[in-house]
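The values are calculated or read from the model by the stated rules, or taken from the named source; none is laboratory data. Just so you know, these numbers come straight off a predicted model, no measurement behind them. So basically every Cβ, Gly included, is an ideal-geometry build from the backbone, and we count neighbours across all protein chains shown.
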Amino acid sequence: QSMLSWQRTAYHFQPKNSWMNDPNGPLFYKGWYHLFYQYNPDSAVWGLIRWGHAMSKDLIHWHHLPMAMVPDQWYDINGVWTGSATILPDDTLIMLYTGSTNESVQVQNLAYPAEPDDPFLTNWLKYPGNPVLVPPPGVGFKDFRDPTTAWQSSDGSWKITIGSKLNTTGISLVYKTKDFKTYDLMDGLLHAVPGTGMWECVDFYPVTVEDKGLGMSVKYVLKASLDDDKNDYYALGTYDPVSDSWTPDDPVLDVGIGLRYDYGKYYASKTFYDQNKERRILWGWISESDSEVADVQKGWASLQGIPRTVSFDNKTRTNILQWPVEEVESLRSNRKTFNNVTIKAGSIVPLDIGSATQLDITAEFEIDIAALGETNIEDDVEYKCSSSGGASGRGAMGPFGLLVLADGSLSEYTPVYFYLAKDSYGNIKTFFCADQSMSSTANDVGKFVNGSTVPVLAGEKFSMRILVDHSIVESFAQGGRTCITSRVYPTKAIYEKAKLYVFNNATEASVTASVTTWQMTSSAVIRSSSMLCVV
Ligand code: DQQ
């Protein structure tokens, strides 16, 4: 047991050891959820990548399985990189993935289950005709990776899209295929955004929109993982299946310049349609923000976020909603409720809940804006989570929220909070932020303040949900309109020394908070007790 062993999570997905990155080919097949992932079993840093593999009945309790694919062919000998699954109408399972060849060229390869009747999907066959796609003329050998799940055209053929770049313009190419072995490159691009650089792990999927009085329609989400700044950006738009092009609803909120899935650590994500529960589920890779030395010392690096359902926000109509899958609630126990706690400006109130390292928290806040004289509310057109002093930067109406993973002397704590500021039109704008600057007394860890604005509609309270699991804090505002994932490395606020507080650091406004907490049971137990752990 290393001295850093407390950082290991209790209910997030992690391999038993070593390095993990992107989620790959998530799917539901013959009663089981499968997750494959970029895996380097040799050490806790990125290296020669294989496909790790695990399966689960509920997306929370996982059985580790043998590696699904390893570099053993000239076309993937430098790495079995990211890919996606497609389940055809007759249940045939198709896997497309990027191989890094013997010459480090990025090519796309086809694989399929060796025994399609095996619900464990243990053995995989690589198509003897691989690679099925090589970089087209004009595309760099190292700028062609991460094929999406395929979607079907009206003529029965299939299309996929693959991210790339042309100079500094991020692009997504579209290919058409009938058999997943031979492909035609379409003339146009699905989309392109100048200045966004290489698009990794493109994702493209429909979301259902409720049209008042008119029934349902669909919009399409396009997501790109920007290699240059390691964040996942999405936009809502429309898809024209004839030209195979996608157009954003709002060009100001285009891919790579507008909305992010998450304003903390969240990258190389991928969704899949869960035909079991008829929902779309998002997986995202959450890397460390400590040092590589610490990762090697603890013997592992990276987590997957708790899978999130993704849906269109029919209220704002400008964003998606992301919410932890309901199955995570099966880990809840020992519920504690604190109703209508008044927190005066500039005060902190402890919530007596026992150990606070494995928690699910929901909280609602009300603020009496009318009671504040108009003159007391300052214009704050410049406010930004990242540069406005974090939780210690005070305004008339914020910050207020929770301090998670705090020790009793408040030498370590992670504030997750709202901050209200007036924009240039005099309208109140709400920010949702998470501040890592006081999370750890260690000096080799990231101490960012992350966050963004969050839409709060008339009549809504300010609401947040937070999942705390030792070294990760996942925060969701207003039902999942804005999300922030933080990696935190407390040295004092660990195990039974970790506590929870509600705080209001506003200079004027008094806040009323209602908070519910649950202890979260470890899901990890199954990792060591199950007969299915054959690794
Ligand atoms: N990780 C994979 C690539 C992908 C990148 C390699 C994103 O396929 O583009 O491990 O993190």
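Structure notes:
- Checking Ile94 against (1) outside any loop (DSSP other than H, G, I, E, B); (2) within 16 Å of the ligand (Cβ to nearest atom); (3) out of contact with any Pro (no Cβ under 8 Å at 6 or more places or on another chain), the condition it does not meet: (2)
Residue-wise test of (1) in the same structural domain as Gly237 (by TED's automatic domain parsing); (2) closer than 24 Å to Trp32 by Cβ; (3) modelled with pLDDT under 95; (4) small (Gly, Ala, Ser).
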position: Gln106; (1), (2), (3), (4): yes, no, no, no
position: Phe120; (1), (2), (3), (4): yes, yes, no, no
position: Trp124; (1), (2), (3), (4): yes, yes, no, no
position: Gly129; (1), (2), (3), (4): yes, no, no, yes
position: Thr148; (1), (2), (3), (4): yes, yes, no, no
position: Thr177; (1), (2), (3), (4): yes, no, no, no
position: Phe180; (1), (2), (3), (4): yes, yes, no, no
position: Leu190; (1), (2), (3), (4): yes, no, no, no
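- Qualifying residue in region 100-108 (condition: assigned to a strand (DSSP E or B), within 25 Å of the chain's Cα centre (by Cα) and away from the ligand (no atom under 16 Å from the Cβ)): no
- Of all the numbered requirements in (1) away from the ligand (no atom under 16 Å from the Cβ); (2) part of a strand (DSSP E or B), Pro119 misses one, and that requirement is (2).
- Asp76 vs. criteria more than 14 Å from the ligand (Cβ to nearest atom) and either assigned to a loop (DSSP other than H, G, I, E, B) or surrounded by fewer than 21 Cβ atoms within 10 Å (Cβ to Cβ) (or both): no
- Some residue of region 254-265 being exposed (fewer than 15 other Cβ atoms within 10 Å of the Cβ), in the same structural domain as Tyr29 (by TED's automatic domain parsing) and over 16 Å from the mean Cα position of the chain (by Cα): no
- Check on Ala506, assigned to a loop (DSSP other than H, G, I, E, B) and either at negative phi or touching a residue at least 24 places away in the same chain (Cβ under 8 Å) (or both): yes
- Beta carbons closer than 7 Å, at least 6 apart along the sequence or on distinct chains, never pair a first residue in region 444-455 that is not assigned by TED's automatic domain parsing to the domain that holds Cys483 with a second that is in a loop (DSSP other than H, G, I, E, B).
- Pairs, first over 11 Å from Glu292 (Cα atoms) and aliphatic (A, V, I, L, M) in region 41-54, second within 14 Å of the ligand (Cβ to nearest atom) and assigned to a loop (DSSP other than H, G, I, E, B), C-beta under 6 Å, six or more apart: Ile49/Gly79
- Within region 81-110, residues that are on the phi > 0 side of the Ramachandran plot reach partners that are within 12 Å of the ligand (Cβ to nearest atom) with beta carbons closer than 8 Å, at six or more positions or on different chains, in the pairs Ser104/Asn78; Ser104/Lys142.
- Counting the residues of region 207-255 that are more than 16 Å from Ser269 (Cα to Cα) and touching a Phe, Trp or Tyr at 6+ places or on another chain (Cβ under 7 Å) gives 9.
- Residues of region 159-212 satisfying the condition of being within 16 Å of the ligand (Cβ to nearest atom), under 17 Å from Asp240 (Cβ atoms) and hydroxyl-bearing (Ser, Thr, Tyr): Thr161, Ser172
- Filter pass, Val218 being over 21 Å from Ser452 (Cβ atoms), touching a Pro at 6+ places or on another chain (Cβ under 9 Å) and within 16 Å of the ligand (Cβ to nearest atom): no
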